[in-house]
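Bear in mind these aren't lab numbers, they're just calculated from the coordinates by the rules spelled out. Please read all numbers here as calculations on a predicted model, not as lab measurements. Here the Cβ positions follow ideal geometry from the backbone for every residue, glycine too, while neighbour counts run over all protein chains shown.
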Amino acid sequence: MSDTMLAQAPSATPGDARVQDDAPPQRIVQARAFAPASVGNIGVGFDLLGHTIDGPRDIATVRRIDAPEVRIRAITGDVPGVGELPLEAARNTAGQALLSLRKALGLSHGFELTLEKGIALGSGLGGSAASCVAALMAANALLDAPLTRDALYVHALDGESVSSGSRHGDNVAPMLLGGVVMATHDRMIALPVPAGLYAVVVHPAQVLETRRARAVLAEPYPLDVVVRQSAHLALFLTGLQRSDIGMLREGLCDLLVEPRRAPLIPGFAEARHAALAGGAIGASISGAGPSTFAWFESRGAAEAAAPAMRAAFVDVGFAAHAYVSPVAGPRADVIATDRG
């Protein structure tokens, strides 16, 4: 018998396990993913900077369907206003993000989406962004060739624009990457975070729509204020890079947006004062508001200041919830998948 014949594998029998092992894996037909809440702007970086928090989150379940369309099956959640969210895909941030993905990839199949809202509407915690990022993460898991997180960014921007009326990534970018992120029109840049930094984010039972919050920014700003704000931004970014708390403290001071939005948020001034009195590096409005955030040098300092920040809103008649989270918060991710 030749060496060639000796090297040949024996014929597979009908029940041979090797035949089953060689069978192609079944395609993922449904995926479930979450996206965390976020602090947009981080005060000094309007439409440019953001970071996630370990707190409320949105969850999306996406199923692959044969029909070449995006359907929103249901939107649920124990937050006010959920019933008012549109089920028409093109009018919904998550639906529009999936429409953008389908069009860009020329997909022959479609998606059916179910949303579970955990982030309150109009809270300043990136609720609209979280819906579209969670949906994209779930839908991406269903693709034969999933995209990178960087490649998903443009579709997240398309989705977010439905809610805010503009394409800004200060919420969707940190959700995609986690931690502190700089978001431009075409890229996401993860930024270093000094060890041990914690945030307190207080969400009062108020609603401030993004479009209304942006309307107060329409009037032009004096050049000297813009120059001073630019200096604060430069100090803040350098402080992150060098882990210099002094620079962060000097830089985390918003001269552009906060003064105009603060009057729209009863209790904000008192909450900010409570944060600074408690040793915060800085404090400002989270996203469009009304939520308020502050950075602290340790978890202990954050936990000690959180009750006073919350009480500032309670004292003016609003229930409020305080979250304590690492500044380097989590990123969106897939929770579970089902194969057909």
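Which whole-number percent gives the relative contact order of the chain, counting Cα pairs below 8 Å spaced six or more residues apart?
Working: 843 pairs, mean separation 82.8, N = 340.
Over the chain, the number comes to 24 percent.
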For Cα pairs less than 8 Å apart in space and 6+ apart in sequence, what is the mean separation divided by the residue count of segment 193-326, i.e. the relative contact order in percent? 38
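Test of understanding: ordering Leu121, Leu143, Leu197 by Cβ neighbours within 10 Å, fewest first, what list do you get?
Numbers: Leu121 19, Leu143 16, Leu197 22.
Exposure proxy ranking, most exposed first: Leu143, Leu121, Leu197.
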Where in the chain are the DSSP H helices whose alpha-carbon span along the long axis reaches 20 Å or more and whose Kyte-Doolittle mean is at least -0.5? 127-141, 149-164, 223-242, 299-314
Please list, in chain and number order, the residues 5+ apart from Val193 or on another chain whose amide H is under 5 Å from its amide H, with Hs placed from the backbone. none
The set of residues whose placed amide H lies less than 5 Å from the amide H of Asp333, leaving out same-chain residues fewer than 5 positions away, is Phe34
Most packed first (mean Cβ within 10 Å per residue), the peptides 300-309, 324-333 order as 324-333, 300-309
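Note down the magnitude of the dipole of segment 28-189 about its Cα centre, charges +1 on Lys and Arg C-beta and -1 on Asp and Glu C-beta and zero elsewhere, to the nearest 20 debye.
Working: 13 positive and 16 negative charges, 48 e Å.
I would put it at about 240 debye.
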Farthest towards the positive end of the dipole of segment 193-326, among Ile281, Ala312, Thr210 and with Cβ unit charges of +1 on Lys and Arg and -1 on Asp and Glu, lies the Cα of Thr210
Vicinal HN-Hα couplings computed from phi for segment 204-218 (Karplus, 6.51 cos²θ - 1.76 cosθ + 1.60; Hz; Gly/Pro x): x, 6, 10, 10, 10, 5, 4, 5, 5, 5, 7, 4, 6, 9, 5
Given backbone amide H placed at 1.01 Å from N, residues whose amide H is under 5 Å from that of Thr184, ignoring those fewer than 5 places away on the same chain, are Ile189
